[in-house]
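Okay, so here's the structure we're looking at.
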Amino acid sequence: MLTVIGAGFPRTGTSSMKAALERLGFGPCHHMFDVGSDPDRARRWAPLAAPDVVPDWDHVLEGFRSAVDWPASFFWRELADACPQAKVVLTVRDPHTWIASMQALIANGPARLQADKLAPEMASLVENMNTTRPLLERMIREGLGSDRAFGEPLDEKDSLLAFERHVATVQASLPPERLLVFDVREGWEPLCRFLGVDVPAGEPFPHLNDSKVMEQSIDRLLRGENIGLPFHGVS
């Protein structure tokens with residue numbers, strides 16, 4: 001079962017959190033990258049597109065000790081109930097920089113993957129994305145309050161309200177000893193203190209996945225370069 005549950009929205013430093021948790025011994029850490037790169041993992045998540053499905057979390061997250069980013073963080077409440085000993089980390093950032101980053105992700109991710117002529121190397125990623133597309137659409141609809149088609153820009157006002165509502169809901173739902181509200185710019189100290197582990201001596205906190213690197217990574221994938229998943233520098 002999970003020992004750390006990420007409750008933050010995508011684009012709140014989740015790639016950095018994945019790297020940090022794995023460095024601290026809480027890995028493997030599940031991330032959306034695992035869904036995009038693994039057809040079996042995509043198939044395990046796909047049934048959760050239906051709200052009435054009761055997840056078998058042991059099966060869905062088999063092999064992982066922690067989880068961040070969607071799809072896992074969309075189910076933070078269910079995971080917190082299923083793993084009562086796990087601690088929860090709610091990653092946050094300035095809401096306005098968050099929505100700008102989300103719009104960039106959509107423009108340079110799903111939108112281009114649907115519109116551009118893709119290299120053969122992209123076939124597996126696109127197939128996995130299609131497998132989980134109904135779940136992605138559910139998360140966008142319920143998590144962000146958006147009824148726009150998959151790959152279209154979000155309504156900024158509605159999404160900002162959804163972001164603020166999500167942060168408030170998580171904070172109100174968990175006791176303070178179980179929850180850390182965390183901005184990755186704070187570095188190792190608050191995270192390590194919360195998890196009861198030592199700060200890695202002399203190591204900078206991982207800061208990955210800025211929007212520019214993501215755009216460059218997708219450019220390279222569309223050219224047919226094999227850069228691996230997850231993209232280096234991509235949250």
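Could you count how many residues in the range 172-197 are open to solvent by 50 Å² or more (accessible area, probe 1.4 Å) and in contact with a Leu (Cβ under 7 Å, 6 or more places away or on another chain)?
Count: 1.
Does the range 159-172 include one or more residues that are modelled with pLDDT of 95 or more, more than 20 Å from the chain's Cα centre (by Cα) and at negative phi?
Looking through the range 159-172, at least one residue is modelled with pLDDT of 95 or more, more than 20 Å from the chain's Cα centre (by Cα) and at negative phi.
State yes or no: is ARG41 basic (Lys, Arg) and either assigned to a loop (DSSP other than H, G, I, E, B) or at pLDDT 95 or above (or both)? So that I can check it myself, show each step before the final result.
Values: basic (Lys, Arg): yes; either assigned to a loop (DSSP other than H, G, I, E, B) or at pLDDT 95 or above (or both): no.
When the stated conditions are applied, ARG41 does not pass them.
Can you name the condition, by its number, that PRO10 falls short on among (1) at pLDDT below 95; (2) part of a loop (DSSP other than H, G, I, E, B); (3) more than 21 Å from GLY143 (Cα to Cα)?
(3)
For every residue, the table says whether it meets (1) free of Cβ contacts under 8 Å to residues at least 40 places away in the same chain; (2) open to solvent by 10 Å² or more (accessible area, probe 1.4 Å); (3) over 18 Å from ALA82 (Cβ atoms); (4) out of contact with any Cys (no Cβ under 7 Å at 6 or more places or on another chain).
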position	(1), (2), (3), (4)
THR3	no, yes, no, yes
ALA7	no, no, no, yes
THR12	no, no, yes, yes
MET17	no, no, yes, yes
ALA20	no, no, yes, yes
ARG23	no, yes, yes, yes
PHE26	no, yes, no, yes
PRO39	no, yes, yes, yes
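Would you be able to say whether some residue in the range 77-88 is modelled with pLDDT of 95 or more and touching a Ser or Thr at 6+ places or on another chain (Cβ under 6 Å)?
Within the range 77-88, one or more residues are modelled with pLDDT of 95 or more and touching a Ser or Thr at 6+ places or on another chain (Cβ under 6 Å).
Please go through the range 152-176 and pick out each residue that is in contact (Cβ under 8 Å) with a residue 60 or more places away in the chain and among the polar types (S, T, N, Q). Don't jump to the end; show me each part of the working.
Filtering the range 152-176 for residues in contact (Cβ under 8 Å) with a residue 60 or more places away in the chain gives 159-160, 163-164, 166-167, 170-171, 173-174.
Hits for the range 152-176 are SER159, GLN171, SER173.
The values are calculated or read from the model by the stated rules, or taken from the named source; none is laboratory data. What you are looking at is a predicted structure, and each value in this text was computed from that prediction instead of being measured. Cβ: placed from backbone, ideal geometry, glycine included. Neighbour counts: every protein chain shown. Quick note on the areas: whole protein, heavy atoms, side chains included, nothing else; ligands and nucleic acids left out. Shrake-Rupley method; radii C 1.70, N 1.55, O 1.52, S 1.80 Å.
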